[in-house]
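Read through the structure below, which is laid out as structure tokens, and then see the notes.
The values are calculated or read from the model by the stated rules, or taken from the named source; none is laboratory data. Predicted model, so just to flag it, every value in this text is computed and none were measured. When we count neighbours, we look across all protein chains shown, and the Cβ atoms used for this are built from the backbone with ideal geometry, even at glycine.
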Ligand SMILES: [Zn+2]
């Protein structure tokens, strides 16, 4: 099986009801509806580069220990496993207009169509190196959702998939110092740059609810 990137152009507009992944972690009641957007060479190039970056992702050892300590179970042991899973599953990666503009990406599982990873079309012309890395993190996250081949989600699954964003992001920060500097668009401020803070800096983010006691 292969990733159908080259078939993107030939696809007719399709509408998906993506049941997985709400940015707030809620489930079920309000699925995200997505209409596939015509895709050109920019998006195909961005996704291909994102997948090449994803293949190289390794977790920083202390980060992985931390993730295990807070109960996150990484669906993949590195980026290459996710890349190989993508190839074997035949998942497609497309850009789409979402009913909820705040969703960065989502996954549609259909017993007929298979797995489709949808990226918000707001990002379709974003192709800087930082953008490519951000897209790769989003793809990594959705691979985590797709790995179990079902349309169900859970808080545990969301946590597990978010850990993939964070682990990849911190790997990229180490590999490409300052690559995310001065990127503060919605994709970054409410996505790739936010998740690591929520995982690692939460003691700084929230005031100590019990004055006089340590937060550690
Ligand atoms: Zn998710």
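Of the conditions (1) assigned to a helix (DSSP H, G or I); (2) closer than 18 Å to residue 132 by Cβ; (3) modelled with pLDDT of 95 or more; (4) in contact with a helix residue (DSSP H, G or I) (Cβ under 8 Å, 6 or more places away or on another chain), residue 8 fails just one. Which one is it?
Every condition holds for residue 8 apart from (3).
Looking only at region 138-151, decide whether some residue is under 15 Å from the mean Cα position of the chain (by Cα), more than 14 Å from the ligand (Cβ to nearest atom) and either surrounded by fewer than 21 Cβ atoms within 10 Å (Cβ to Cβ) or assigned to a strand (DSSP E or B) (or both). Working first, answer last.
At the first step, the residues of region 138-151 found to be under 15 Å from the mean Cα position of the chain (by Cα) are 138-147.
Filter once more, so that each one left must be more than 14 Å from the ligand (Cβ to nearest atom): none.
Taking every residue of region 138-151 in turn, none turns out to be under 15 Å from the mean Cα position of the chain (by Cα), more than 14 Å from the ligand (Cβ to nearest atom) and either surrounded by fewer than 21 Cβ atoms within 10 Å (Cβ to Cβ) or assigned to a strand (DSSP E or B) (or both).
Out of curiosity, is residue 78 under 18 Å from the mean Cα position of the chain (by Cα), more than 16 Å from the ligand (Cβ to nearest atom) and without any contact (Cβ under 8 Å) to a residue 60 or more places away in the chain? Write out each step before concluding.
On the way: under 18 Å from the mean Cα position of the chain (by Cα): yes; more than 16 Å from the ligand (Cβ to nearest atom): yes; without any contact (Cβ under 8 Å) to a residue 60 or more places away in the chain: yes.
Here the answer is yes, as residue 78 does meet what is asked.
Return only the number of the condition from (1) within 14 Å of the ligand (Cβ to nearest atom); (2) in contact with a strand residue (DSSP E or B) (Cβ under 9 Å, 6 or more places away or on another chain); (3) over 21 Å from residue 43 (Cα atoms) that residue 110 does not satisfy.
(1)
Quick one: which of 179, 103 is in contact (Cβ under 8 Å) with a residue 12 or more places away in the chain and within 12 Å of the ligand (Cβ to nearest atom)? Reasoning before the result, please.
On the way: 179 fails: within 12 Å of the ligand (Cβ to nearest atom).
The match here is 103.
Can you go through 134, 130 and tell me which one is buried (at least 23 other Cβ atoms within 10 Å of the Cβ) and part of a helix (DSSP H, G or I)? Full working, then the answer.
Values: 130 fails: buried (at least 23 other Cβ atoms within 10 Å of the Cβ).
Result: 134 is the single residue among 134, 130 that is buried (at least 23 other Cβ atoms within 10 Å of the Cβ) and part of a helix (DSSP H, G or I).
Go through region 124-136 and give me each residue that's within 16 Å of the ligand (Cβ to nearest atom) and either in contact with a strand residue (DSSP E or B) (Cβ under 9 Å, 6 or more places away or on another chain) or under 11 Å from residue 42 (Cα atoms) (or both).
Hit for region 124-136 is 135, nothing else.
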